[in-house]
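Below is one structure; the comments refer to it alone.
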Amino acid sequence: MTVIRPDESAAIELRGLTKRFGDAIALDGVDLVVRPGIVFGFLGRNGAGKTTALRILSGLARPTAGTAHVLGHDVERATDAIRARIGFLPDVPGFYPWMTAREYLEFAGRLFGLDKATLDARATALLEMAGLASVTTRVGGFSRGMKQRLGIAQALINAPSLLMLDEPTSALDPIGRREVLEMVASLRGRTTVFFSTHILADVERVCDAVAILERGRVVASAGVAELTARATANRLIVEVEDSVAAAAVAGALAGRAWLKSIETDGRALHLAVSDLPSAQREIPAAIAAAGMALRRFEIGETSLEDVFVELVGGPAQ
Amino acid sequence: MTGFGAFLGKELTEIRRTWRLWVIPGMLVFFGITSPIIAALTPALVQSMATSQPGLVIRIPPPTARDAYVQFIKSLDQLVLIAIIITGASVVSGERSSGTAILALTKPLSRAAFVVTKILSQTMLLVAATALGTAVCLAVTAVVFDGGDGARLVTAVAVWLVYAVLLVVVMTLFSAAFHSRGAAAGAGLGFYFFTLLLSAWGPAARNSFVGLVLATQKALVIESQSLGWPIATGVVAIGLGAVAAVGIFERQEL
């Protein structure tokens with residue numbers, strides 16, 4: 001029998017992680033390694049299994065099969081050791097409505113056994129960071145955005161080695177979202193940040209690496225740049241004389257083996273192609289054969305969205 | 001039990017700053033004040049009803065301090081126990097449904113500490129409120145009836161308290177076991193009425209904690225009664241109930 005030892009240098013290591021709810025499979029043999037010190041995006045559509053994975057990693061749920069190690073510890077055995085070193089924010093954080101933001105941070109800090117001086121200093125700094133320093137009302141009167149910011153602050157009270165955030169920006173307005181993403185990016189190198197999201201732009205903005213989860217399976221996991229380079233489809237933008245010519249070119253190219261999709265937008269054509277050299281040869285030839293002039297031929301940048309659509313067959317957000 | 005002290009501090013502050021401070025303590029103080037007054041006024045009220053019905057003669061002995069104590073104990077036995085069931089139904093399930101348990105339990109707070117703290121804080125509140133309510137009842141009775149055998153009331157309340165703490169533990173167990181507060185409250189009421197029914201059966205009343213239900217009122221009128229088994233089994237049931245509540249909550253996924 002081969003014994004696979006956990007990679008103790010990994011912040012998170014999942015091996016064949018499976019979670020079933022009756023007949024439904026939420027996680028189906030997930031393998032994943034997250035290196036320490038990076039910002040890691042856990043990307044997937046709603047219902048892909050992201051929250052289930054985070055619940056297992058934080059000790060709130062147990063795997064049906066497979067293993068999960070956090071900071072070198074098995075999540076099923078070393079719950080105390082893990083909880084002391086992680087920060088966790090669920091998708092909808094619940095606070096005691098009768099507490100103020102500072103009182104909640106002090107309560108959280110006491111659970112970690114922080115001494116009073118450290119707790120005072122951290123609570124003050126985190127309230128400042130969360131934009132709640134001057135707020136004296138009780139949490140029961142907070143907006144969802146304020147609760148989300150307090151949620152991030154409480155997750156950082158113990159200066160965690162690993163910060164796990166479940167959809168941290170989904171409830172925030174654009175300014176709040178930018179602030180949270182800047183805060184996440186600022187932790188790079190000091191704390192491993194593992195955050196789930198369905199917002200592709202957030203991943204592109206702050207993540208070093210990403211895993212794409214679809215129907216409980218990791219369909220891709222790599223650095224963001226490496227993943228976009230892996231895309232099999234290239235984007236092309238072609239412009240001809242007018243919209244009539246564009247429609248004629250679209251008709252002429254339909255059915256080519258290398259053509260994955262084509263959309264017209266006025267005189268422009270947006271194409272996704274699987275074989276760039278063939279497309280580079282055949283598109284100008286088709287335009288010339290139809291007696292039309294080629295005005296623009298541009299190879300577009302492949303985005304994470306292209307990769308996501310290619311892998312899971314539909315846009316996230 | 002990791003996090004016990006910090007979480008107990010939170011629980012006690014929560015009691016002080018929310019409705020929890022007023023419900024059971026408020027009821028106990030209210031019954032402490034009104035029980036002697038109701039006992040004193042009852043004969044006069046009954047007589048006034050009798051005079052309105054020609055030919056009806058009702059003889060009622062003069063009220064005593066014991067009547068006040070019986071009235072107080074009846075209120076504890078019925079209304080306060082039901083209040084314990086209703087408030088206890090949400091003690092764990094409420095934290096689970098509001099998401100507060102998730103945030104606390106992903107920190108160094110063990111599930112055992114979470115459950116034991118809930119039981120301990122409720123018990124502390126109950127004991128303090130019962131002591132206050134009983135003291136108020138004794139004081140008002142002393143004023144209204146010019147004295148009384150307070151030691152009997154204290155004994156009866158102590159017996160009641162064993163059953164009330166058992167009910168606190170049972171409700172914590174049900175609240176941990178059921179996701180719905182309604183289901184926990186329903187199970188609690190079922191437990192209460194079942195033990196009430198069972199207490200009418202002599203062997204069960206003599207040899208198990210169900211005997212505590214009737215023993216409370218008996219303590220006011222009977223010189224001495226054997227309560228060794230009911231109290232001993234009650235204490236054991238409290239311990240087993242707490243262990244079961246911890247076990248159930250530890251196995252649950254949040």
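Nothing in this text is a laboratory measurement; each read-out follows from the coordinates by a stated rule. Quick caveat: nothing in here was measured; it's all calculated off a predicted structure. When we count neighbours, we look across all protein chains shown, and the Cβ atoms used for this are built from the backbone with ideal geometry, even at glycine.
Sorted from greatest to least, the principal axis extents spanned by the alpha carbons of region B:4-251 come out as 71, 42, 33 Å.
For the protein assembly as shown, the normalised intensity computed at q = 0.08, 0.09, 0.11, 0.12 Å⁻¹ comes to -0.71, -0.82, -1.03, -1.13 (log10 of I(q)/I(0), Debye sum over alpha carbons, equal scatterers, no solvent). Remark: spin-label model distance B:Thr51-A:Thr64 equals 7.8 nm, labels positioned 7 Å along the Cα→Cβ axis.
Give, in nm to one decimal, the length gained when the segment between A:Ala78 and A:Glu204 is fully stretched (0.36 nm per residue of separation minus the Cα-Cα distance).
Numbers: separation 126, 0.36 × 126 = 45.36 nm, distance 3.35 nm.
Length gained between A:Ala78 and A:Glu204: 42.0 nm.
In region B:190-254, one over the average inverse separation of all distinct C-alpha pairs is 13.1 Å, which is the Kirkwood hydrodynamic radius.
Spacing of the modelled spin labels on A:Arg188 and A:Glu128, each 7 Å from Cα toward Cβ, amounts to 2.4 nm.
The mean number of Cβ atoms from other chains found within 10 Å of a Cβ in peptide A:84-91 is 3, as a whole number.
GNM remark for chain A: springs join alpha carbons under 10 Å apart, and the peak mean-square fluctuation among A:Gly94, A:Gly59, A:Gly37 falls on A:Gly94.
For region B:68-84, the residues whose amide N sits under 20 Å from a probe point set 7 Å from the Cα of B:Leu196 along the beta carbon direction are B:70-84. Its Cα centre serving as origin, the protein assembly as shown has a Cβ charge dipole (Lys and Arg +1, Asp and Glu -1) of approximately 1420 debye.
Assign unit charges at the C-beta atoms only (+1 for Lys and Arg, -1 for Asp and Glu), then state the dipole size of region B:4-251 relative to its Cα centre in Debye, rounded to the nearest 20. That gives a dipole near 520 debye. Neighbours of B:Gln217 by Cβ distance under 14 Å: Lys/Arg scored +1, Asp/Glu scored -1, total +2.
Take each residue of peptide B:102-115, count the partner chain Cβ atoms within 10 Å of its Cβ, and average: the result is 6.
The helix-only estimate of mean residue ellipticity at 222 nm for chain A, built from DSSP H runs of length n ≥ 4 each weighted as -39500 (n - 2.57), is -10000 deg cm²/dmol after division by the residue total.
Ranking B:Phe31, B:Ala112, B:Ala129 by how far each Cα lies toward the positive end of the dipole of region B:4-251 (charges on Cβ) leaves B:Ala112 at the top. The GNM of chain B, with springs linking C-alpha atoms under 10 angstrom apart, assigns the highest mean-square fluctuation among B:Asp67, B:Asp146, B:Asp77 to B:Asp146. Taking Cα centroids, how far is region A:220-269 from region A:82-153 in Å? Spelled out, the Cα-based centre of one part sits 48 Å from the other. Here r is the Cβ-Cβ distance between B:Ser180 and A:Phe297 and R0 is 60 Å; the resulting FRET efficiency, rounded to 0.05, is 0.40. In plain terms, the residue of A:Cys207, B:Cys137 with the fewest other Cβ atoms within 10 Å comes first and the most crowded comes last, giving A:Cys207, B:Cys137. GNM on chain A, alpha-carbon springs under 10 angstrom: the most fluctuating residue among A:Thr264, A:Thr302, A:Thr228 is A:Thr264. Of all DSSP beta bridges located in chain A, what percent are antiparallel, nearest 5? Taking every DSSP beta bridge with both residues in chain A, the antiparallel ones total about 65 percent.
Between A:Arg215 and A:Thr18, the contour length at 0.36 nm per residue exceeds the Cα-Cα span by 69.8 nm.
Between B:Gln252 and B:Arg16, the contour length at 0.36 nm per residue exceeds the alpha carbon distance by 82.0 nm.
Spin-label pair B:Asp146-B:Thr42: with each label point 7 Å from Cα along the Cα-Cβ axis, the two points sit 2.1 nm from one another. As a rough footprinting exposure proxy, the listed residues B:Met49, B:Met124 were ranked by other beta carbons within 10 Å of their own, and the order from fewest upward is B:Met49, B:Met124. FRET efficiency for the pair A:Glu305 and B:Ala139, taken as 1/(1 + (r/R0)^6) with r the Cβ-Cβ distance and R0 = 56 Å, rounds to 0.15. For region B:4-251: lysine pairs with Cα atoms under 21 Å, gap of 8 or more or different chains, count? Eligible lysine pairs with Cα atoms under 21 Å apart amount to 4.
Evaluating 6.51 cos²θ - 1.76 cosθ + 1.60 at θ = phi - 60° for every residue in region B:81-88, the Karplus couplings come out as 5, 5, 5, 4, 5, 5, 6, x Hz, glycine and proline recorded as x. Just to verify a number: FRET efficiency for B:Ala158 and A:Ala121, C-beta to C-beta distance, R0 = 30 Å, to 0.05? My answer for the efficiency is 0.05.
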